[in-house]
Amino acid sequence: MPPPGYPNGVPCGGERSLKITVFGATGGTGEHLVRQACESGHHVIAVVRGPGRMRYRHPNRSVVRADVMDPEAISDAVTGADAVLNAIGTRKVRVPTSAQSDSTESIVKAMSGHGARRLLVVSSSGMVSEGDGPFTRIVVKPILKRVLRHVFADARRMEELVRGSGLDWTIVRAPRLTDGPRTGGYRMAVERNVRGGFWVSRADVGDCVLRCLDDPATIRMRAREVEQARRAWITLHRRWHEQRKTET
Ligand SMILES: NC(=O)c1ccc[n+]([C@@H]2O[C@H](COP(=O)([O-])OP(=O)(O)OC[C@H]3O[C@@H](n4cnc5c(N)ncnc54)[C@H](OP(=O)(O)O)[C@@H]3O)[C@@H](O)[C@H]2O)c1
C-alpha cells in the first residue's frame, strides 16, 4: 500500500528528493529537464547514447550510456526511479521516424518489468485540433499535418503506447519549441489545445513536466498542452486552478 499522500506510490508535493530518469537528455528539452530537476534537489540519471553531448554538469546528475531501444539495457536506469521522463524526438522531421514510439515502447517494457510507475512524455499538440481557433484549424493545421506527418504518426503511436501502458502516465503536448527562457508563465489545457498557443520555450516545457510530476491530479488522465503566455502568470495560475476545480 502506498503511504498516505503518495497516490499510486508516486511521491508528490516536492518535499523530498526524487530519483528521476531522463531519456533524451542531450536534446534541448531533455537538458532543461535534467537541469531543473537537479536544481530542485532531485537525483537525475540521464540515459544517453552519446555522453560527450551532455553539456550540463551537476553533483546530482549521473550519466548512463545505453541503447534506449533495448529494455534490458535500460532496466538498471529505471529500477527504483520515482519518475521516468522521455523527451526523445527526431531532428529529421521530413523522413519516417519511430524514435519516440520505439523508445517509449522500450521504456514502458523496462518500467513494467522493474516496478517503476510514473512516466511523463513530451508530445506534439500540432497533430490535434481540438481547442484551436478556426484559422489554425482550417488553414494552419492541415499544412502542418502534411509537412510533419512522419513526426506526428510517431507521436500518435507513442501516445497510444503510453495510454495502454497501465503506468501512471502524463503526456505533455507542446506546440513549436523555442530556446527562450524559463518563465513559468504559460497556459495549460486538458485534452485540448490552448487557443492561440503557437510556441513555448523548451525551458517552460521542462518546468511544466516537473510540475506535472509533482501533481498527482495529472496521473493517467489527459494530455496537456503548454504554450508561451503573453499575460501575467498569476492570472493564468488562477485560471488553471479554476479549470481544475470545475473538472473535478
Ligand atoms: N521541436 C519542436 O518544435 C517540437 C514541438 C512539439 C513537440 N516536440 C517534441 O518535444 C520533444 C523534445 O524536442 P526537442 O526539440 O527539445 O529535442 P531535440 O533537441 O531534437 O533532442 C532530441 C533528443 O532525442 C534523442 N534521440 C533521437 N533519436 C534517438 C534515438 N534513436 N535513440 C536515442 N536517443 C535519440 C537525441 O539524442 P542525440 O543527442 O544522441 O541525437 C536528443 O537527446 C521531442 O519528443 C519532440 O518530438 C518538438
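Rule-based calculations on the coordinates, nothing more; no lab input. Bear in mind that the values here come from a model prediction, so they are computed numbers and not experimental data. Ideal geometry is used to build each Cβ from the backbone, glycine not excepted, and the neighbour counts take in all protein chains shown.
Can you tell me the order of 207-214, 21-28, 156-163 when each peptide is scored by its average per-residue count of other Cβ atoms within 10 angstrom, highest first?
21-28, 207-214, 156-163
Loop only per DSSP, at most 13 neighbouring Cβ atoms within 10 Å: give me the GluC sites (Glu not before Pro) in region 27-114, ordered by residue number.
In loop regions of region 27-114 (DSSP not H, G, I, E or B), the sparsely surrounded GluC sites (Glu not before Pro) are E72.
Once phi is turned into θ = phi - 60°, what whole-Hz ³J(HN,Hα) does the Karplus curve with 6.51, -1.76 and 1.60 give for every residue of region 191-207, x standing for Gly and Pro?
With the stated coefficients, region 191-207 comes to 6, 6, 7, 7, 4, x, x, 9, 8, 7, 7, 4, 5, 6, 5, x, 4 Hz.
Apply the Karplus parameterisation 6.51 cos²θ - 1.76 cosθ + 1.60, with θ equal to phi minus 60°, to every residue of region 140-152 and state each ³J(HN,Hα) to the nearest whole Hz, in sequence, with x for glycine and proline.
Going residue by residue, I get 6, 5, x, 5, 4, 5, 6, 5, 9, 4, 6, 5, 5 Hz, with x marking Gly and Pro.
Can you put I219, I138, I20 in order of Cβ neighbours within 10 angstrom, beginning with the fewest?
If I rank by nearby Cβ atoms, fewest first, I get I138, I219, I20.
Ranking S125, S201, S165 by Cβ neighbours within 10 Å, fewest first, what do you get?
In increasing order of surrounding Cβ atoms, one gets S165, S201, S125.
Hey, what's the Kirkwood Rh for region 135-213 if you take every pair of different alpha carbons, in angstrom?
One decimal place: 14.1 Å for the Kirkwood radius.
Would you mind ranking Y186, Y56 so that the residue whose beta carbon has the fewest other beta carbons within 10 Å leads the list?
Least to most surrounded, the residues fall as Y56, Y186.
Can you grab the distance from the C-alpha centre of region 81-126 to the C-alpha centre of region 149-196, Å, no decimals?
Their Cα centres are 12 Å away from one another.
To check you understand DSSP bridge types, tell me what percent of the beta bridges within region 19-247 (both residues inside) are antiparallel, rounded to 5.
About 15 percent, rounded to the nearest 5.
Sequence-distant or interchain residues sharing an amide H contact under 5 Å with D215, placed H: which?
Amide H neighbours of D215, under 5 Å, 5+ apart: none.
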